[in-house]
1. Search the structure for amide H atoms under 5 Å from the amide H of residue A:56, placed 1.01 Å from N in the peptide plane, and list their residues when 5 or more places away or on another chain.
2. How big is the Rg/Rh ratio for the protein assembly as shown, C-alpha atoms only, Rh by Kirkwood, two decimals?
3. Label residue A:92 and residue B:103 with points 7 Å out from Cα along Cα→Cβ: what is the distance between them in nm?
4. Quick one: if the Förster radius is 45 Å, what FRET efficiency do residue A:65 and residue B:138 give, using the C-beta to C-beta distance and rounding to 0.05?
5. Go through segment A:56-64 residue by residue and turn each phi into a ³J(HN,Hα) via Karplus (6.51, -1.76, 1.60, θ = phi - 60°); whole Hz please, and just put x for glycine and proline.
6. Per 5 Å bin, what is the whole-percent P(r) computed from every C-alpha pair distance within segment B:66-183?
7. Between the DSSP loop rule and a limit of at most 10 other Cβ atoms within 10 Å, which trypsin sites (Lys or Arg not before Pro) in segment B:174-255 are left?
8. Quick one: what does P(r) look like for chain A with 5 Å bins over all Cα pairs, in whole %?
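Every number in this text was worked out from the coordinates using simple rules, so none of it is lab data. None of these values were measured; they are calculated from a predicted model. Using ideal geometry, Cβ is built from the backbone for each residue, glycine included, and neighbour counts are taken over all protein chains shown.
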Amino acid sequence: MTMSEPTFFVLTALLGEPRHGYGIVGEVDQLSGGRVQLKIGSLYGILDRLVDEGLVELDREEAYQGRLRRYYRITNAGLAAVRAEAARQAANARAAARRLRSINLQLGEAS
Amino acid sequence: MNAELERRYRRLLRLLPAGYRRAWEEDMVTAFLQSAEGRGITRPPLGERLSVIALAFRLRLAGQHEPPRGKAWHHAAYALALILLLYQAVIATVILVDLAGRALWRPMERPLSNVSEWSTVLYWLLWIAAYASLVLGWIVALRIAVITVVALFAGAVVVSGSHQPADLIALTLTSAWMLLILAVPNDARPRRIVWLGAYLGSALVLGPAALSAARPGSSGSLGVDLGLFWRLALLVGTVVALAIPTLRRSPGWLLAIAGVTVTLTGESLLSQHVAFHSLILGTSPAAMGVDLVLLSLGVACAIVGIVTLRRLPRTEPEPA
C-alpha cells in the first residue's frame, strides 16, 4: 500500500530525533521545500493513525509555557515503512529518469 | 488574548468525538497556540478551522473514537449496506444475464445497440463490483464504485431532462447510498464465505431462470416468484440473526435487519397495488403470508436491538 505524501513527510520529520506537534509542522515544511504545509488538524489526524498503526509512539512530555507538550518518536515499524516508501519512490524516479534519457537521445538523433 | 484564543480553539475542538479529544486535545491546543505565537491572531484561521472540521467529519463517519453506542450505529449502517448491496448485486446479475441471453438468442431485438444500454450494463456491473469490494474488505474500491454509480445515475437523470417525482425520489435514494457507504468503517471485514455464498446461491437460483426467460419462444417471465424469493431470503436471514447468540447480541445486525424487513413488508402490506411492489416484490397470497411473519420477526429484531443498544454506554469508558 502506498503512503500519502503528508504521512511520508511526517514520518521522515521524526527520523533522527523526537519532535512535538508544531515542530513536526515546521520540519515537514522545510523537508518539502514549502510544498507541504500541514494544518494542525491534518497533522493530528495523521498522528492518531500512525500511533494506532504502531509506526509512531509517545517519547516524553515536557512543560512549555505552563502547559504540557508531547514529543513523538518513530518506531522500528515506522522506520521500515519509511524505508519501503523511499525505495518505492526512488525506483519510480529511476524508471522515469531512464525513460526521459531515452527520449532525449531520440530527440537528439532526430535533430 | 492568549486565554481568549485558547477558549476559541477549545470550542472548535468540541467538533471532534469525545474519545479523540480526551487523547489529543491538550497537545493540539499547545500546537495551535504555538503556531499562533507572534502572528497577532485573535481567532483560529480559516485553514485551521477547515482542517479540524474535515478531521471531525472523517472520524465521525468512520466511527473512530466513538463510544460503544455510537459504534453500534456505525455497525448498523455497515450491516444495512451489506444487506442492500447483496440485493442490488443479485438484481444486477439477473438483469445482466437477461441482457446477455437476449443478445445471444434474440439479436433481432438489438438489445445492446446504443450507448445508453451499454451505460446500463456499466451501471449494474458497478453494483456487483461494489458488493464484491465490500465483501473482500476493499473499502476504497467500494466507495469509488458507489460514487461512480451515483454519478452515472445523476448524469442519466440530468441528460434525460426528467423532472418526474419518481426520478427525483430515485435520485435522492441513490444519493443516500453515498452517506451509507461513507459510514462503512475502513476496517470492515465481513465473513467472505457467508456473503459470497449468499450472492452465489441467489445468482444460481435466479440466473438460470433469467437465462431461460430470454430464450426465443419463452413467455419472457422469470418463472420464479421474485417477491417470494426475496421474502424467503429475508426470512432465513432474520431467523439466523435471532437464533445465533453472537448476532442476537449485536444491535447493529438486528437494527439493520429490522430496518429492511419492517420497511419492505410494512410498506408492501399497506400498498399492495403500488407498481413497484408488484414488479419487485410480487403480491401473491403466499408472499403476503410471509410478509406478516417477516413483519413480526422484524419488530422482534427491532425490540431486541434497541434493548441491547440501550445497555451500551453512551460515552467511552475512562481508561484504567
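1. A:51, A:75
2. On the Cα set of the protein assembly as shown, Rg over Rh gives 1.06.
3. So the label points at residue A:92 and residue B:103 sit 3.6 nm apart.
4. The formula returns an efficiency of 0.45 here.
5. Result, ordered by residue: 9, 9, 6, 8, 6, 10, 10, 7, 9 Hz.
6. Taking every Cα pair in segment B:66-183, the percentages come to 2, 11, 17, 20, 18, 14, 9, 4, 2, 1, 1, 0.
7. B:191
8. 2, 11, 18, 19, 16, 9, 6, 6, 4, 4, 2, 1, 1, 0
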